[in-house]
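Let me begin by presenting the structure, written as structure tokens, before commenting on it.
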Amino acid sequence: MKICQLCAVDFTLHHFLMPLMRAQRAAGHDVVGACARGGLTLQIEAEGFRVIDVPIQRSSNPIALLRAYRALKEIFAAERFDLVHVHTPVAALAGRPAAKAAGVGRVVYTAHGFYFHEHMHAAKRALHVGLEWFGGRFTDVLFTQAEEDAATARRLNLCKGGTIEAIGNGSDPAKFRPALPGEDTRARLRAALGTPIDKPVIAMIGRLVAEKGYPELFRAMKRATNAELWVVGDRLASDHAQSIDTDIKAVEADPELSKRIRFLGYRADVPEILRAVDAFTLPSHREGMPRSIVEAMLSGLPVIATDIRGSREEVIDGETGLLVPLRDEIALGEALTKIAGDAGMCARMGEAGLSRARTLYDEAKVVEKQLRLLGLLT
């Protein structure tokens, strides 16, 4: 089959879709990527994949969406794909009707987390549900990552084709793993950052935007005086979410917090970072089914997360980590303090999370499930 993997930006294609593309190619299919070209496109092409440049913006501007729709319809008609698999909200909204209009036989949509969620204002939520319902009229198969999203999609009839499956999320357990005996990663990285070997360190990995929960996390760290926080991530140029520049400046201006919160920026050594810390936190306002939590669990870390869709499916409260209410900096601070102050609890929860992640969130199993459901295995 000739398959197109469509998303908005090459960051998504490179960091999230490459395992699926490799597996589809290994199964004998012709796989092509489509997105707005960027700094990571050459790395994708270096693996032998063709990447079609598409004028997609991470914006719901109707004019931009119409432009993307027209370009995609032309591309799909010329390429004659057997299957178009869309990802990310904007690409999905423009790409699904474009694929059907161009005569593509099968359209698949993976919702990595619906934009609407339980804490959204009712009118805004209704709008985004309506957009998903519209896109669903051009969808044969809908994959969600979280079981909660699959149940919602069935209830709201978000897939005209009727096939709705939760596929989970996963990462590579050979890459994300606990430190091996005698491994010096912890000592080496901590020495490079000037962090004592026995200092409790909590990691946070995510885009530097407010919806990831950074404002509450920084305030919570005022309470968690026994811990240091390593923040890994930056802000994408295409990101329209609320900035946290003011919050970062407040941390940098605080004599006490600035010593305990380290902004590490974009890092290519995330697996090593996770092997050098004691716990992981993700206090997001909304998620689909976060891969960062999976990677932390595979690394043998306890996880402190907000009680939201996706995160609460991954983290078993009191067993593999702690769940706290949304935007509750007091509860978050107490949880961070509790985890950082109890090495035995960290070890027990980390081991339980590792076992759960290896069973449920192995990337190879998630990819194989998709190929099987789509009939792409030879």
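Key figures for this structure:
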read-out	value
Counted residues, segment 148-170 - those being touching a strand residue (DSSP E or B) at 6+ places or on another chain (Cβ under 7 Å), part of a helix (DSSP H, G or I) and surrounded by 15 or more Cβ atoms within 10 Å (Cβ to Cβ)	3
Number of the exception - Glu183 against (1) of a type in the set (Asp, Glu); (2) free of Cβ contacts under 8 Å to residues at least 40 places away in the same chain; (3) out of contact with any strand residue (DSSP E or B) (no Cβ under 6 Å at 6 or more places or on another chain)	(2)
Any chance Leu72 is modelled with pLDDT under 95, touching a helix residue (DSSP H, G or I) at 6+ places or on another chain (Cβ under 6 Å), among the hydrophobic types (A, V, I, L, M, F, W, C) and surrounded by 15 or more Cβ atoms within 10 Å (Cβ to Cβ)	no
Subset of segment 320-347 (residues that are in contact (Cβ under 8 Å) with a residue 12 or more places away in the chain, surrounded by fewer than 22 Cβ atoms within 10 Å (Cβ to Cβ) and of a type outside the set (A, V, I, L, M))	Pro325, Arg327, Asp328, Glu329, Gly333, Glu334, Thr337, Lys338, Gly341, Cys346
Per-region count, segment 317-329, residues in a loop (DSSP other than H, G, I, E, B) and closer than 20 Å to Glu118 by Cα	4
Pair list, Cβ < 6 Å and 6+ apart or interchain, from segment 50-68 residues that are in contact (Cβ under 8 Å) with a residue 24 or more places away in the chain to residues that are of a type in the set (A, V, I, L, M) and assigned to a loop (DSSP other than H, G, I, E, B)	Ala68/Ile56
Meets criteria (surrounded by 23 or more Cβ atoms within 10 Å (Cβ to Cβ), of a type in the set (A, V, I, L, M, F, W, C) and touching a His at 6+ places or on another chain (Cβ under 9 Å)) for Leu40	no
In segment 186-203, residue nearest to Pro283 (Cα to Cα) [restricted to those that are in contact (Cβ under 8 Å) with a residue 12 or more places away in the chain and in a loop (DSSP other than H, G, I, E, B)]	Pro200
Residues located in segment 11-29, provided they are touching a residue at least 40 places away in the same chain (Cβ under 8 Å) and within 14 Å of the chain's Cα centre (by Cα)	Phe11, Thr12, Phe16, Leu17
Output for segment 249-292, where each listed residue is at pLDDT below 95, surrounded by fewer than 20 Cβ atoms within 10 Å (Cβ to Cβ) and hydrophobic (A, V, I, L, M, F, W, C)	Ala268
Leu332 vs. criteria closer than 22 Å to Arg309 by Cβ, outside the structural domain of His119 (by TED's automatic domain parsing) and assigned to a loop (DSSP other than H, G, I, E, B)	no
Residue match in segment 234-241 (condition: touching a helix residue (DSSP H, G or I) at 6+ places or on another chain (Cβ under 6 Å), in the same structural domain as Ile197 (by TED's automatic domain parsing) and not aromatic (Phe, Trp, Tyr))	yes
Pair list, Cβ under 7 Å, 6 or more apart: segment 33-48 residue on the phi > 0 side of the Ramachandran plot and of a type outside the set (Phe, Trp, Tyr), other residue assigned to a loop (DSSP other than H, G, I, E, B) and exposed (fewer than 13 other Cβ atoms within 10 Å of the Cβ)	none
Residues that are surrounded by 22 or more Cβ atoms within 10 Å (Cβ to Cβ) and either closer than 20 Å to Thr163 by Cβ or basic (Lys, Arg) (or both), drawn from segment 94-108	Gly95, Arg96, Ala99, Val104, Val107, Val108
Qualifying residue in segment 337-353 (condition: touching a helix residue (DSSP H, G or I) at 6+ places or on another chain (Cβ under 7 Å), within 30 Å of Thr110 (Cα to Cα) and of a type in the set (A, V, I, L, M))	no
Some residue of segment 263-285 being without any contact (Cβ under 8 Å) to a residue 60 or more places away in the chain, of a type in the set (A, V, I, L, M), in a helix (DSSP H, G or I) and outside the structural domain of Val9 (by TED's automatic domain parsing)	no
Test: residue in segment 299-310 that is assigned to a helix (DSSP H, G or I) and modelled with pLDDT of 95 or more	no
In segment 298-319, the residues that are surrounded by 24 or more Cβ atoms within 10 Å (Cβ to Cβ), aliphatic (A, V, I, L, M) and more than 13 Å from Cys346 (Cβ to Cβ)	Leu298, Ala305, Ile308, Val315
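The values are calculated or read from the model by the stated rules, or taken from the named source; none is laboratory data. Computed from a prediction, not measured in an experiment: that's the story for all the values here. All Cβ positions, glycine included, derive from the backbone under ideal geometry; neighbour counts span all protein chains shown.
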